[in-house]
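Taking it in order: structure first as C-alpha cells, then the write-up.
Nothing in this text is a laboratory measurement; each read-out follows from the coordinates by a stated rule. Keep in mind the model is a prediction, meaning the values are calculated, not measured. Cβ coordinates were reconstructed from backbone atoms using ideal geometry, including for glycine residues, and neighbour counts include every protein chain displayed.
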C-alpha cells in the first residue's frame, strides 16, 4: 500500500511540476563588472561564469534569451544605479526593461569599488563599505519590484594577505541585505581567498578560466536546487498533514 501511495505522489508531483514549468524557458540577465563581463587579468574577453551558466540553460533547453549588455570591466555600483535612475540606454536596450523581463539574474558589483579604495585610501574604510552596500540596496530594491525565479549576488574575496576584516565585514553586510529580499548570496571568499588556483595574476582580482568555471558550478547547483525544493515543498505540504508530515517528509527525502 505504501508503494502505491508513493507512486501516486510522484505521479501527481510530476504533473504539478509540468504545469508550473509549462513555459520553462528562462530569460537570463547578467549585470556587473569584470566578473560578469568575463575578462581575464589583462582585460581580454574569455569564458566567464555567465557563459557557463548560459550554456547549461541552453543545453538543457531552458534558455529563452540571454543578455549581458549591462556588463563592463569598470562598472561600479553607482554607475549601475545611475543607469537605472536615468533609464540610460546601451546598444538601444534599457536595463530597467531587461530587469522586468528577466527570470534569472546574476550580479557582480563592488569589487572595483572596494579594491580601488583599499589601494588608495583606507581612511574611514568601514563607512565607505556601509555606503557601498547602501547603494547596492537601491539596485536590489528596484529588482524586488518584479518577480524573478532566481537572483544571485556574488560576494567579495581577498587576493591579498591583508584587510581580511573589511572583506568579512562587507560580505556580512551584503549577505544580510540579500536576506531581506530573499536573494541568493554567494560567498566567494570561501573558495577564492588567497587561492592561487583560480588566478593568473597576484595583481588582479579577476579569476582565470578555472575560477569562472567554479563560480558557474555554484550558481548552476543552486538553480537545480530551486526545482527540487518546489517539488519537495509541494509533496510535504499537500500530502503530509499533522503527525504524518514528518514521516512522509523523511520517506520522500530518502527516495529522492
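Give me the orientation-averaged projected area of the Cα convex hull of segment 25-227, in nm², one decimal. Kindly include the intermediate steps, with their values, before the conclusion.
Working: hull surface 43.1 nm².
In nm², the orientation-averaged hull projection of segment 25-227 is 10.8.
In segment 62-79, which residues have a backbone nitrogen under 17 Å from the label point lying 7 Å from residue 45's Cα in the Cα-to-Cβ direction?
66-75
What is the spin-label model distance, in nm, from residue 93 to residue 181 if the labels are put 7 Å beyond Cα along the C-beta direction?
The modelled label-to-label distance comes out at 1.9 nm.
Pull out the extension gain between residue 169 and residue 85, defined as 0.36 nm times the separation in residues minus the alpha carbon to alpha carbon distance; nm, one decimal. Walk me through the numbers on the way to the answer.
Numbers: separation 84, 0.36 × 84 = 30.24 nm, distance 2.79 nm.
Extending this stretch completely gives an extra 27.5 nm.
If I stretch the segment between residue 222 and residue 131 completely, what's the gain in nm (0.36 nm per residue apart, minus their alpha carbon distance), one decimal? Intermediate values should be presented prior to the final figure.
Details: separation 91, 0.36 × 91 = 32.76 nm, distance 2.91 nm.
Length gained between residue 222 and residue 131: 29.9 nm.
Roughly how many nanometres apart are two label points built 7 Å out from the Cα toward the Cβ at residue 62 and residue 116?
So the two model labels end up 3.5 nm from each other.
Please work out whether segment 36-90 counts as rounded, prolate or oblate from its C-alpha gyration tensor, where a ≥ b ≥ c are the square roots of the eigenvalues and a/c under 1.5 means rounded, while otherwise a/b larger than b/c means prolate and anything else oblate? Each step should come with its number before you reach the end.
Numbers: a/c = 3.33, a/b = 1.38, b/c = 2.41.
Taking the square roots of the gyration eigenvalues as a ≥ b ≥ c, segment 36-90 is oblate.
Can you give the % of DSSP beta bridges in segment 25-227 that are antiparallel, to the nearest 5?
On the way: 3 of 20 bridges.
Taking every DSSP beta bridge with both residues in segment 25-227, the antiparallel ones total about 15 percent.
For segment 57-177, what class follows from the C-alpha gyration tensor (a ≥ b ≥ c being the square roots of its eigenvalues): rounded when a/c is under 1.5, otherwise prolate if a/b is larger than b/c, else oblate?
Working: a/c = 2.04, a/b = 1.72, b/c = 1.19.
Prolate.
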